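The values are calculated or read from the model by the stated rules, or taken from the named source; none is laboratory data. Just so it is clear, the structure is predicted and the values come from calculations on it, not from any experiment. No Cβ is skipped: glycine too gets one built from the backbone with ideal geometry, and neighbour counts run over all protein chains shown.
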Amino acid sequence: MTPANVHRLALTVAAVCAAAALALLAYGLHARPYGIVEAELLFQASRLRHGFPLYVDPAVGAWELGAPPSRYYVLYTPAWPWLLAHAGPATAVGMRTVGRVANAALFLATLGVAVRTARPQLRLVVGTGALLALGFAMLVREATLATADMPAVFLATMGLARTVRRGGLDPVSAALLAAAPLVKPSVLGIPVGAVLAHLVVHRRGGLRAMLLPLASGAIVAGGLVATYHAASGGAWLTHIVRATGQTLSLDRWSRELGSRVVFLGAPHLAALVLAARRRATRLATLPLAASLAWSTFSMAKHGSGTHYWLEPTMAALLAMGAMEPAAAPSRALAWMGLGFTVAAAGVSLRELVQAPEVFRSWHDRVAGLRERCPLAPGQVLVASDASLEMEIDGRVIVPSWQSSYLVRNGTFPLQAWRQDLAMPEVRCFVDGPEFLAPVPDRIEGITEVNAYRKELRDVIEDHFVYEATIGGVLLYRRR
């Protein structure tokens, strides 16, 4: 089989995987449960939509919807919640649908730009990679939630594609790159790498080559920062740090990277090496290197996940498209590419096929909880899972995962949280089976112990009694 035929076979396998992912996206538009981060962002968007302040001191709490108050720090910047609040219907489900459709369109558009800007001789290879990224469950499940990741990655990728095409930064590409981390702060690799690459490539031009791009980027960044500062009363940066500043752990890094590196890490490194060997411009390879390094490092942070790999994936596709075509197709590389494509498709198709059953199980769980814990007006169900609270209560009471970290460093009002749980308006409490496990003496490394299991456990035991296990979670009702 010739290398060209091997490439076509890989393209076919990737296309099958992409078609399965698109079918699941259509099915899951309404059927897919809230993601935890998605639930928090939609709760924040719903507050804006209903005219409530977005930034609230957790020590005071947000009381507009009654007791107990919602206590939270705003994730990321206010840009994405504001867009959801003003672009979608008034309901949380309506905003979720609009956000998911928008992000699916941005995902497809970003992949399309990577293919379109590739050298004509390399579009088959880049197109195969783009289809595989579209059909790879670990990526597509994150890219198409109504979260801030894909808008930021889209901005960064558009800025980098323009930089590569024009041979350096210009005011437009600099503006796009500057805006990306101010939508989602973790999207830093491409913007930093693009600036470094421009300085390396245009080092003889000195400051002159950077003057207009720097001015453009500074104006955009400064304008967004000033807007956020004014809209939040100066609280936005404190909220970002406290909502996302979880600890770093070598154990966490080893677990998160080790289980995914074959598909998220190793192929990006291979793309970097190949692009460098094929004399791709440093305007493409340095941003890929920076993005890969940043995502790899970020796996050590509690709260990291596969959404961190959207950025280096787009950078890898752009770098591959910027390579010089080989004088003769490599049989070895063609077969290696086919092998990786088949392996990735095998892993992804299994998850894509199982996803509808996972969705149905979630909805059965929610229905069971509603039946066993009927809520009167003004009553709520408190859960360790923010997506359950959003589904049943229509709001997030306390995003307990990140708040548990804050309790332990003294930046979240533990006593107020304890008092909230004792309020009669909290009819039920839901947690996973880990609630029954003994609390470890030391909380560090990969161990993530929710505050309900430790700091709040006595309050739960004093005020609630076990009712039933429903869909794998424990339901407790008020005594």
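A few notes on this one:
- Residues within the range 89-107 that are within 21 Å of residue 176 (Cβ to Cβ) and crowded, with 17+ Cβ neighbours inside 10 Å, tallied: 6
- Residue-level check: of (1) free of Cβ contacts under 8 Å to residues at least 12 places away in the same chain; (2) touching a Cys at 6+ places or on another chain (Cβ under 7 Å); (3) not small (Gly, Ala, Ser), residue 132 misses just (1).
- In the range 266-283, the residues that are touching a helix residue (DSSP H, G or I) at 6+ places or on another chain (Cβ under 6 Å) and in a helix (DSSP H, G or I): 268, 271, 272, 275, 276, 282, 283
- Scanning the range 433-460 for residues that are at pLDDT below 95, outside any loop (DSSP other than H, G, I, E, B) and closer than 20 Å to residue 407 by Cα turns up 434, 435, 451, 452, 453, 457, 458.
- Matching entry among 361, 400, 404 (being of a type in the set (Gly, Ala, Ser) and surrounded by fewer than 21 Cβ atoms within 10 Å (Cβ to Cβ)): 361
Residues checked against (1) more than 17 Å from residue 15 (Cα to Cα); (2) under 23 Å from the mean Cα position of the chain (by Cα); (3) among the hydroxyl-bearing types (Ser, Thr, Tyr):
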residue	(1), (2), (3)
119	yes, no, no
128	no, no, yes
135	no, yes, no
143	yes, yes, no
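- Residue match in the range 362-381 (condition: out of contact with any strand residue (DSSP E or B) (no Cβ under 7 Å at 6 or more places or on another chain), assigned by TED's automatic domain parsing to the domain that holds residue 470 and at positive phi): yes
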